[in-house]
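Q: If you scroll down you'll find the structure; I have some questions about it.
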Protein chains: 2
Amino acid sequence: MSLHLRSAQALKLWHDSVLDLVHLDESGLTVRQLSILLTVYLELPPHTVRGVALKLKVTKPVITRALDSLGRLELVARRRDPADKRNVLIQRTVKGALFVEKLGDFMVTRAQTLPS
Amino acid sequence: MSLHLRSAQALKLWHDSVLDLVHLDESGLTVRQLSILLTVYLELPPHTVRGVALKLKVTKPVITRALDSLGRLELVARRRDPADKRNVLIQRTVKGALFVEKLGDFMVTRAQTLPS
DNA sequence: CTCGATTGTTACGCAACCGATATAGAGCAA
DNA sequence: TTGCTCTATATCGGTTGCGTAACAATCGAG
């Protein structure tokens, strides 16, 4: 299924979904934090601080702080890499998985109600 | 065109687009601010502080402050409602329109490269 | 073992956001 | 006019985020 999405549809889809997210009130989230969360849950592990920082093109302290916040919300977890103890592996959590799943449901539902 | 989107596709679409947004570095934006911006540009005017606050289910000061930020970035503008001078009308700007348009382009492009 | 390189974190100063409350101005009804 | 309501904003204290720079721990080559 190749997705042919017109710009107006795409924007409405984003708008509707973001609105759902805001209503979820877990919305203290920054766009950056959201992108970190999605990266961790959608891309193949392992995820390191440095790796995510490179992908987002931000500095490492940004990732560290975001992990503090996301960790407080139990949306991700940290673990030292046993192989190379300098690394910190960013791990998924049950709560985070449910959260991301809900996000996906939002979008699927909203996509179905898009005007053609 | 009814959009049948699987959850995994939807999430990847969101992830890719959010990543583009972060790279745009206009990403000091909060999810809330983003939702305000999209609301103003996708829904029919007029937009008042109260109206947007209701839609997002937040208090009015939240909107006022967000408009301060978005106004500083020239993504939206304010104008007093001449009819009812208690109201402030939130208006679109050229810069904001270009920004939202770019967002739409991101999504359209990303949607085309989604795996089926 | 030593030393430079790498990784993630912390410290600091600053700016922005939040919620709650208080305030100022405009409308409205009697 | 006199209240009362409605709108948006200002203000307050507390929290969180940012960028830069310094830091401790770890690795690995020599």
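Q: Is it true that some residue in the range B:92-101 is in a loop (DSSP other than H, G, I, E, B) and more than 10 Å from DNA strand C (Cβ to nearest atom)?
A: Yes: one or more hits.
Q: Keeping to the range A:97-108, report how many residues are at pLDDT 90 or above and either of a type in the set (S, T, Y) or farther than 13 Å from A:L38 by Cβ (or both).
A: Selection size over the range A:97-108: 2.
Q: Evaluate the range A:62-76: report whether one residue or more is away from every other protein chain (no Cβ under 13 Å), open to solvent by 70 Å² or more (accessible area, probe 1.4 Å) and not in a loop (DSSP other than H, G, I, E, B).
A: Yes, some residue in the range A:62-76 is away from every other protein chain (no Cβ under 13 Å), open to solvent by 70 Å² or more (accessible area, probe 1.4 Å) and not in a loop (DSSP other than H, G, I, E, B).
Q: Just need a number here: residues in the range A:28-45 that are in contact with a strand residue (DSSP E or B) (Cβ under 9 Å, 6 or more places away or on another chain), assigned to a loop (DSSP other than H, G, I, E, B) and not aliphatic (A, V, I, L, M).
A: Count: 2.
Q: So, of the residues in the range B:35-49 that are open to solvent by 10 Å² or more (accessible area, probe 1.4 Å) and out of contact with any helix residue (DSSP H, G or I) (no Cβ under 6 Å at 6 or more places or on another chain), which turns out to be nearest to B:G71 (Cα to Cα)?
A: My answer is B:T48.
Q: So for the range A:46-59 (the condition being in contact with a His (Cβ under 6 Å, 6 or more places away or on another chain), in a helix (DSSP H, G or I) and touching a residue at least 40 places away in the same chain (Cβ under 8 Å)), does at least one residue qualify?
A: no
Q: Then there is this: Does B:V100 meet the test of being touching a Phe, Trp or Tyr at 6+ places or on another chain (Cβ under 6 Å), over 22 Å from A:D25 (Cβ atoms), surrounded by 18 or more Cβ atoms within 10 Å (Cβ to Cβ) and among the β-branched types (V, I, T)?
A: Taking the combined requirement at face value, the residue satisfies it.
Q: Would you call B:D25 within 9 Å of chain A (Cβ to nearest Cβ), of a type in the set (D, E, K, R) and assigned to a loop (DSSP other than H, G, I, E, B)?
A: Yes; evaluated as a whole, the condition is true for this residue.
The values are calculated or read from the model by the stated rules, or taken from the named source; none is laboratory data. For clarity, every value in this text was computed on a predicted model and none was experimentally measured. Cβ sites come from the backbone with ideal geometry, for glycine too, and all protein chains shown count toward neighbours. What goes into the accessible areas is simple: the full protein's heavy atoms, side chains included, and nothing from ligands, DNA or RNA. Shrake-Rupley method; radii C 1.70, N 1.55, O 1.52, S 1.80 Å.
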